[in-house]
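Read the structure below first, then the notes.
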Amino acid sequence: KQWYLRRVREAVVSTQSTGKKKLNEFLADMGLPLMQCNQMFGSMDMEIRKDVCNWIEVTAQKYGLEDITYSSFELHYGYRNKFCAADTFSAVYTALTDPSKDTEAAFLRAQDTLNRQNEKLIATGIDNSKQLCCGLLNQVQAFIEMKQVVCTGPFVYAVIQDGSAELELFSHPARLNRLCRYLREAYCAIFKKAATLPFVIAAPLHLDPDYSCVVGVPALVIDSNKSYLGRAFEQASDKVNAAVEFDDFDGAVMRIKTEDKAKFFDALTVLLMS
């Protein structure tokens, strides 16, 4: 709950300048003062804390926001330590996908986060998860406002450039996949026809800048995680003799030599158009 309103912000704020106005309208409809909304949940007035979830659910219907709340368990021990299961999951996920650590170090950090004696690690993980959520919003907003989302015809793609402010946050396949899905949702809300096209995102790897990670997700209208993109990635990279590695459970995730990225996208476009 301490960052519940941040999640509402993600759902309400569009990727354009009118988003803040919509958010303020949403909060005004609930009768919430902005001064209260800018505080941590635990610092808000008791009366507001007691009713704010119900107010959000009721007001969300007016704005067409579905599934804005969900049920979750809570962990209590002592008087001060209280963690929501969903937030604990987010803390572990953030530790497990930390781009600044190798796979083994990230796994051990995530394992330590599950230890109830390490409440500071859980709190740190929750803070890092907040940062990741804000980074998702900022990167998608930058993609769309700076017109960096390219529709090639058979698919839509975007590339996080080296030196980008949010690059370090998304230099991991799982995080990049999450960003790709969030971009797909936002972009298709603006450009409806794009809902029939798969999305692809590429970003340089933080620990190995000579390589980039490329991730693909199926079209929004396809109600399945299965995709033909994995096979298409293999064929396109073979066609241009690109230096690639497929070492993920998801076939539509690969590492590619950064210098081969441009010709790979050209080959993928030709392949999917044929």
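The values are calculated or read from the model by the stated rules, or taken from the named source; none is laboratory data. Since the model is a prediction, treat every value here as computed from it, not as a measurement. Here the Cβ positions follow ideal geometry from the backbone for every residue, glycine too, while neighbour counts run over all protein chains shown. Side chains included, ligands, DNA and RNA excluded: accessible areas come from the protein's heavy atoms. Shrake-Rupley method; radii C 1.70, N 1.55, O 1.52, S 1.80 Å.
When the square roots of the Cα gyration tensor eigenvalues are ordered a ≥ b ≥ c, the ratio a/c for segment 169-212 is 1.5 or more and a/b exceeds b/c, which makes its shape prolate.
Over the chain, what relative contact order in percent results from Cα pairs under 8 Å that are six or more residues apart? Intermediate results must be reported in sequence, preceding the final value.
Details: 364 pairs, mean separation 32.7, N = 274.
The value is 12 percent.
Legend: residue pairs LYS50/LYS120; LYS21/LYS62; LYS147/LYS192; LYS239/LYS263; LYS239/LYS261; LYS62/LYS130, Cα-Cα distance threshold 18 Å; pairs beyond threshold, LYS50/LYS120; LYS62/LYS130.
For segment 59-191, the share of accessible area belonging to carbon and sulfur comes to 51 percent (1.4 Å probe, ligands and nucleic acids excluded). Ordering of 104-111, 201-208, 126-133 by packing is 201-208, 126-133, 104-111, highest average first (other Cβ atoms within 10 Å, averaged per residue).
Mind checking segment 166-274 for trypsin sites (Lys or Arg not before Pro) that DSSP puts in a loop (not H, G, I, E or B) and that have at most 16 other Cβ atoms within 10 Å? All intermediate terms of the calculation are to be shown ahead of the outcome.
On the way: sites: ARG175, ARG178, ARG181, ARG184, LYS192, LYS193, LYS226, ARG231, LYS239, ARG255, LYS257, LYS261, LYS263; in loops: LYS226.
Counting only loop positions with at most 16 other Cβ atoms within 10 Å, the trypsin sites (Lys or Arg not before Pro) in segment 166-274 are LYS226.
The charge dipole of the chain, taken about the Cα centre with unit charges on the Cβ atoms of Lys, Arg (+1) and Asp, Glu (-1), comes to about 660 debye, rounded to the nearest 20. Give the angle, between 0 and 90 degrees and rounded to the nearest 10, that separates the Cα long axis of helix 119-145 from the longest principal axis of the Cα atoms of the chain. Approximately 60 degrees, to the nearest ten. Relative to the longest principal Cα axis of the chain, at what angle does helix 19-30 sit, 0 to 90 degrees, rounded to 10? Taking Cα atoms only, the helix is inclined about 30 degrees.
Annotation: extensible slack from ASP112 through VAL150 equals 9.6 nm (criterion: 0.36 nm per residue apart, minus Cα-Cα distance).
Modelled label positions at ALA105 and GLU185, each set 7 Å beyond Cα in the direction of Cβ, lie 3.1 nm from each other.
Name the shape class, rounded, prolate or oblate, that the alpha-carbon gyration tensor gives for segment 142-224, where a ≥ b ≥ c are the square roots of its eigenvalues, rounded holds for a/c under 1.5, and otherwise prolate holds if a/b is larger than b/c and oblate otherwise. Present the calculation step by step, with values, prior to reporting the outcome.
Details: a/c = 2.13, a/b = 1.66, b/c = 1.28.
Since a/c reaches 1.5 and a/b is larger than b/c, the shape of segment 142-224 is classed as prolate.
What does the charge count around ARG109 come to, taking other residues whose C-beta lies under 12 Å from its C-beta (Lys +1, Arg +1, Asp -1, Glu -1)? Walk me through the numbers before you get to the answer.
Working: positive: LYS101; negative: ASP98, ASP102, GLU104, ASP112.
Surrounding charge for ARG109 is -3.
By how many degrees, between 0 and 90 and to the nearest 10, does the Cα long axis of helix 229-239 differ from the longest principal axis of the chain? In the chain, helix 229-239 runs at an angle near 30 degrees to the longest axis. Once you sort the root eigenvalues of the Cα gyration tensor of the chain as a ≥ b ≥ c, which label holds: rounded (a/c under 1.5), prolate (a/b larger than b/c) or oblate (the other case)? Oblate, since a/c reaches 1.5 and b/c is not below a/b.
Comparing Cα centroids, segment 122-137 and segment 185-242 end up 24 angstrom apart.
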